[in-house]
Each structure stands twice: as C-alpha cells, then as structure tokens.
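Computed from the coordinates by the stated procedures, all read-outs in this text should not be read as laboratory data. Everything quoted here is computed from the prediction, not taken from an experiment. Cβ: placed from backbone, ideal geometry, glycine included. Neighbour counts: every protein chain shown.
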Amino acid sequence: MSVPVFEEFEPAADCGCPGCARQRRDLALGLPVRAGGHPAAHGARRALVLVTAAGVALGGGGAAVATALPPPSAPFTPADLAGPATDTAAHPDAPEPDTPQGGRGPLHGAPGPGGQPSPNADPTTSQVSAATLRKTSRTEIINRAKLWVTAQVPYSMEKYWTDGYRQDCSGYISMAWNLRSNEWTGSLDRFADRVDRTELQPGDILLFHNPANPTRGSHVTIFGGWTDYTHTSYVAYEQTKPRTRKQATPMAYWENSNRYVAYRYKGLVGGTGGTTGGAVSTATPYPGIAMFGTGANNAYVTQLGRLLVDRGGKRYYSQGPGPKWGEADRRATQAFQLAQGWKGKEADGLPGPETWKLLVTGKGRDIGGSSGSSGSTSNATAFPGRGSFRPGQSNAYVEKLGKQLVKRGFGKHYLSGPGPRWTEADRRNVEAFQRAQGWRGAAADGYPGPETWRRLFR
C-alpha cells in the first residue's frame with residue numbers, strides 16, 4: 001500500500017465555479033483566530049489534519065515505498081496535509097494539476113550503464129554540456145511521447161514503466177528526451193536552452209518549477225504544435241492524473257500560465273523546424289506540392305484537412321481528416337479554391353502555395369461564400385480560454401459560440417442575436433448543452449471549458 005500524498009491548490013480568484021467558491025469560503029473559515037478566523041472552524045480543521053496525519057502514520061506501506069523508489073539526490077518534501085479538495089477535478093473542463101513527483105534517480109530496473117546514476121544529474125552542475133547528451137530529433141521525441149499516450153501509462157511518482165522511467169511528469173520528459181536518468185522539474189532545465197514561447201517547436205517543453213514547494217503546482221508538458229494560427233493553444237503531451245494524455249491546452253497551461261518557461265533540448269539534431277510525428281505548426285511554410293495528391297501520407301495532409309474543416313469543408317469528410325490523401329481532401333481543397341473565384345487549373349483540388357497561405361493565415365473566403373478575416377478569431381476552433389466567456393466580455397469567440405449553439409439546437413434562450421457580448425442567454429444555452437451531455441452540478445454551470453468547446457464543435 002502506497003503512502004498517500006495530499007496536495008491543496010489555491011482557488012482561482014476570478015473563477016465562478018462552485019468548487020472554487022467553496023474552497024475560497026473554506027480557506028476564509030480556516031484562517032487562524034489571530035487573523036480573524038472562527039475558533040470553531042480553526043479547531044475543526046486542525047483536528048482533521050491531525051487525524052489524517054495519524055492515519056498515514058499508522059497505515060503502513062512505508063517499506064514498500066522505500067524499495068520501489070530509488071533515493072533522490074535532493075530532499076523531497078510532500079505537500080501539507082489538506083482538508084477537503086475542491087470539486088473541480090470532477091468537472092470535465094477542469095485541469096488536473098495534481099502532479100507530485102519523485103526526485104532525481106537512475107533508471108529503474110534497467111541493466112548496464114543506462115541503469116546507473118547519471119553524472120548529468122549532479123546537483124552541483126549548473127548546466128549540462130550538449131556533447132555529453134544522447135542525440136535525438138524532434139520526430140523521435142514526439143514518437144516516444146506517443147508511446148505512453150498509446151499505452152495509457154498510469155500516473156505515479158513511485159512506479160516505473162517498463163522502459164525504466166518514473167511515471168510522473170518529469171519522468172515522462174526524461175523518457176521523451178531519452179535521458180540517462182530520471183530527472184525532476186528542478187533539474188530538466190540543465191539539459192536545455194531557454195527559448196521564447198513564440199519560438200516553440202514540437203519536442204520543446206513548457207516547464208513550471210515551484211522552488212518554494214516543488215510538489216505543489218510544479219509541472220512540465222511537451223509542446224506538440226500549435227492548434228491553429230492564433231497560437232493561443234497548443235497540443236500538449238503530458239503525464240498527469242490519471243494517465244498520459246494528449247490534448248489541446250491553452251498557452252501555457254490551465255494554472256500558473258505566466259510561470260511556465262519554454263525550453264529546447266540541447267541534444268537536438270536535425271534543425272529547429274520541420275514535421276514531427278503528426279504535429280505541424282500552422283506557421284510552417286508551404287511544404288511543396290509533393291506532399292499532396294495520390295499516394296501522399298504525411299502530417300501535412302492531416303493539417304490541410306483540419307484547416308479545410310475549419311473553413312467550412314467538414315461535409316466532405318465522412319471520417320478524419322487523416323494523414324493519407326484521399327478524394328475527400330481533393331474535393332474539399334477544390335471547394336475552397338472555387339470559393340476564391342478560381343477556375344481551371346487554379347481549382348484542381350491540389351493545394352499550391354497561395355491556397356496554403358490563405359488557409360494557414362485565415363484569409364480568403366470560406367467554403368460556402370463567407371469572407372475570411374486576416375487573422376480574425378472567427379475561423380478559430382481551438383478553445384480560446386475561460387476568460388473569453390464571462391460577464392462583460394465582448395469578442396468574436398462569444399458570437400462563434402452562440403452561432404454553434406444555435407446550429408446544434410441549443411439556442412432557445414436567445415431573443416435576438418447571438419452577438420459578440422456575453423449574456424445570460426449565452427450562459428443558459430451553454431448550460432442546456434452541458435446538461436445534454438449528462439453533466440450536472442459544477443460541470444453544467446453554463447460557462448464553456450475546453451471539453452464543452454470540443455464537443456460543441458466536433
């Protein structure tokens with residue numbers, strides 16, 4: 001039996017969900033008496049912590065943990081025992097930032113040099129020389145990351161996968177970067193160079209290390225490519241509870257977003273751009289006509305299909321889009337070209353440089369005749385963040401949401417519109433859609449999160 005680790009998160013000050021509201025009330029009641037807290041509430045909380053601590057001490061299982069987890073080279077302090085957690089974990093749109101981690105250590109159960117402690121993990125070494133690192137490419141990094149996604153590796157700070165890497169967020173990066181040891185969020189930066197977020201490429205990481213208490217909030221994700229031209233969200237590969245996942249994530253993360261730092265592995269070979277295992281940045285230049293047409297099978301075909309779907313071409317795809325070129329891709333491309341007023345060879349269904357440019361920049365006319373908008377958010381289908389849908393907000397995403405609700409049959413609360421300003425009618429229509437998914441309570445509060453958005457536009 002593993003010793004449980006408890007972790008408590010600060011509720012967001014601007015979040016209206018019942019979970020955060022309740023947690024804010026609980027925190028207020030939990031203030032010390034000298035700071036204005038209620039004596040009874042303070043006593044009850046103290047008793048709860050003592051009872052929980054006693055349960056851990058008497059529950060056993062310490063020996064099993066000691067044999068399963070190699071001793072880290074730096075001390076590792078568990079989070080403080082906490083009272084009731086918020087109910088945001090049950091919300092389908094909520095993040096799952098509960099990512100306690102182990103410390104530095106060797107690969108687990110791996111024979112030979114790979115299973116020995118790495119000199120690169122020496123805490124006295126401020127940086128690691130690129131010459132000492134295993135070389136890898138962006139494609140290899142993403143492909144290794146996909147292995148755990150496919151295997152659905154359970155999250156654990158104590159267990160090790162069959163490849164010898166610890167099943168937590170930093171162990172996942174150690175595996176994807178093919179490091180010789182299991183690192184942690186406090187040491188991964190030594191294997192990398194810091195880059196600006198605008199320079200992110202697939203295989204880079206977004207890292208937040210909380211030095212005050214590494215087990216509270218510290219986390220790291222693998223950047224898999226931008227979801228669209230707005231660069232407001234990206235495909236994140238991450239190891240988090242309950243298991244490895246790949247999903248669209250707001251830049252840079254759900255919580256502590258401004259504290260995440262972008263890094264690039266020092267042992268990277270093959271340049272800083274290019275395609276990587278299916279994740280292609282929409283800012284990528286035109287890849288050439290050879291990437292499209294009969295027999296083509298690559299990530300650019302998938303990207304083309306998704307861009308065409310965003311511009312009104314969904315009806316041409318009975319499934320997908322996918323990496324293998326098909327008649328659906330040709331017909332959707334041709335429909336987009338015809339929408340621009342092109343004829344003959346200019347509308348042959350094969351994307352040339354001008355077709356590609358219009359698609360990735362959001363310019364030109366959509367399939368069906370509506371105008372595109374030079375960088376406008378109106379064509380973006382990636383979730384723009386919760387902040388776009390709150391009282392007082394007025395933006396293109398609100399209007400796009402409303403139109404999609406009407407299209408899906410959830411617009412009965414609109415007396416006019418929908419329009420760009422967030423209203424109670426928007427909230428009630430979103431709530432109706434969420435309840436139609438079978439969600440209740442905080443999961444159906446009428447405020448769209450990433451899962452609501454994904455289901456609404458799929």
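In plain terms, if you count all Cα to Cα distances in the stretch 153-211 and split them into 5 Å steps from zero, the share in each step is 4, 18, 29, 22, 16, 7, 3, 0 percent. With 25 Å as the limit on Cα-Cα distance, the pairs of LYS146/LYS241; LYS343/LYS363; LYS146/LYS363; LYS324/LYS345; LYS246/LYS403 that go past it are LYS146/LYS363; LYS246/LYS403. Set against the 2.2 N^0.38 Å expectation for a compact globular protein, the stretch 305-458 has a Cα radius of gyration ratio of 1.15. Computed over the Cα atoms of the stretch 200-239, the ratio of the radius of gyration to the Kirkwood radius (Rg/Rh) comes to 1.07. In terms of the mean number of neighbouring beta-carbon atoms within 10 Å, the peptides 320-326, 222-228 order highest first as 222-228, 320-326.
Are there trypsin sites (Lys or Arg not before Pro) in the stretch 127-233 that DSSP marks as loop and that have at most 15 other Cβ atoms within 10 Å, and which are they? Don't jump to the answer; show the numbers that get you there.
Numbers: sites: ARG134, LYS135, ARG138, ARG144, LYS146, LYS159, ARG166, ARG180, ARG190, ARG194, ARG197, ARG216; in loops: ARG134, LYS135, LYS159, ARG180, ARG216.
Those satisfying the criteria are ARG134, LYS135.
Whole number please: convex hull volume per residue of the Cα set in the stretch 130-245, in Å³? Please report the intermediate quantities before stating the final value.
Working: hull volume 13.3 nm³, N = 116.
Looking at the stretch 130-245, the number lands at 115 Å³ per residue.
Under a model in which nothing but the beta-carbon of Lys, Arg (+1) and Asp, Glu (-1) is charged, the stretch 295-451 shows a dipole of about 220 debye around its Cα centre.
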